[in-house]
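One structure is given here, and the rest of the page talks about it.
Derivation of every value follows stated rules applied to the coordinates shown; laboratory data play no part. If you're wondering where the values come from, they're calculated on a predicted model, not measured in any experiment. Note: ideal-geometry Cβ built from the backbone for every residue, glycine included; neighbour counts use all protein chains shown.
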Amino acid sequence: MKDNLHFNTDEIADITNGEWENLDDKNLIIKEFHNTYHYLKSGDCFVVRSNNWPNPKAYKNNEHKIYEAIKKGIGAVIAGEDVKIDAKIPILRVKNSYFAIKALAKYASKKTEAKKVLITGSYGKTAFKLNLNDISKKQKDCYTRRNSANYAASSYCKLASMRQRNELFFLEIPIAKKEKIQRRSRLINPDIGVITSIGHEGIERFESIENIIKNKLSIAYGIKKGGKLLLPYDDRYYDKIKKEALKYGHVDILTYGSRRTCNAHLLYKKF
């Protein structure tokens with residue numbers, strides 16, 4: 001069925017090297033995967049964060065939220081083997097739930113036929129993503145999330161939640177070290193990369209605009225050969241952005257902005 005995820009319950013167990021508990025119905029329908037409690041809705045799968053997750057400062061243990069999540073009507077839980085859960089809900093037991101959702105994300109990213117658009121920039125990522133989604137969904141079946149939660153685990157949950165019917169997938173990622181962005185880009189393997197803007201956000205970490213540009217443009221690392229990299233022509237640092245983009249010879253560089261010479265140019269604006 002096109003409305004399904006890219007894996008069934010047996011495949012989920014195989015992909016994650018996990019084992020189901022309380023799975024009375026192998027046709028269990030999971031709406032979305034979430035590792036953050038307050039985003040959970042009825043029918044979702046709660047990916048529980050435990051102490052064995054990487055970067056515990058960013059990913060705080062939320063095992064104490066399991067029963068509150070169950071009251072929300074979630075459909076399943078992915079949790080570590082030693083996490084105590086006294087409830088009759090389908091539970092996928094895995095060694096590490098972080099790497100389990102990453103494995104599901106990697107699988108779905110390879111299986112999907114949707115065109116994937118990866119968006120980053122100093123400012124405007126979420127607005128660009130949402131506006132692009134709202135325009136595109138009139139013509140194509142799109143999947144994105146309206147929140148801006150974009151830590152790696154959140155990105156994995158979004159990728160794993162793609163349906164077979166989706167034709168377009170939009171994802172934003174934050175500024176990070178070049179190596180992290182490259183790893184994320186390689187896993188997502190987008191068809192299109194978008195730079196929304198370059199500014200001084202993160203300058204205390206990266207020390208210069210040039211370093212920020214290098215980090216942001218590294219999303220091109222994982223773009224498919226012959227894919228597109230869309231650059232903001234009106235950005236004050238456009239010349240530096242393009243110079244860095246030209247290092248990625250496997251992608252086509254396109255521009256958007258106010259000039260008619262841009263591949264996509266602004267027709268009308270009203271504030």
List the pairs from 178/242; 57/214; 125/228; 57/177 whose alpha-carbon separation is above 19 Å, in the order I gave them.
57/214
Could you grab the relative contact order for the range 9-103? Cα pairs under 8 Å, six or more apart, rounded to a whole percent.
34 percent
Structure-based [θ]222 nm, the chain - -39500 (n - 2.57) summed over DSSP H runs of at least 4, per residue, nearest 500:
-8500 deg cm²/dmol
Would you mind computing the Rg to Rh ratio of the range 112-265 from its alpha-carbon coordinates, Kirkwood style for Rh?
0.94
Determine the relative contact order of the chain: mean sequence separation of Cα pairs under 8 Å and six or more apart, normalised by residue count, in whole percent.
16 percent
Between the range 67-123 and the range 2-63, how far is it from one alpha carbon centroid to the other, in angstrom?
3 Å
Low-density loop positions, trypsin sites (Lys or Arg not before Pro), the range 198-271 - DSSP coil, at most 12 other Cβ in 10 Å
225, 236, 247, 259, 260, 269, 270
Quick one: length gained pulling residue 41 to residue 138 fully straight, 0.36 nm per residue minus the C-alpha distance?
32.4 nm
If we sort 121-128, 22-29 on the protection proxy, mean other Cβ atoms within 10 Å, highest first, what's the order?
121-128, 22-29
By a straight-distance test (C-alpha under 19 Å), which aspartates and glutamates pair with residue 269 as possible cross-link partners, with residues fewer than eight away in the same chain excluded?
134, 234, 235
Do any chymotrypsin sites (Phe, Trp or Tyr not before Pro) in the range 205-268 lie in a loop, going by DSSP, with at most 15 other beta-carbon atoms within 10 Å of their beta carbon, and if so which?
268
So if R0 is 35 Å, what FRET efficiency would residue 111 and residue 266 give, r being the distance between their Cβ atoms, rounded to the nearest 0.05?
0.45
Return the loop-located GluC sites (Glu not before Pro) in the range 113-217 (DSSP other than H, G, I, E, B) with at most 11 other Cβ atoms within 10 Å of their own Cβ; answer none if there are none.
113, 207
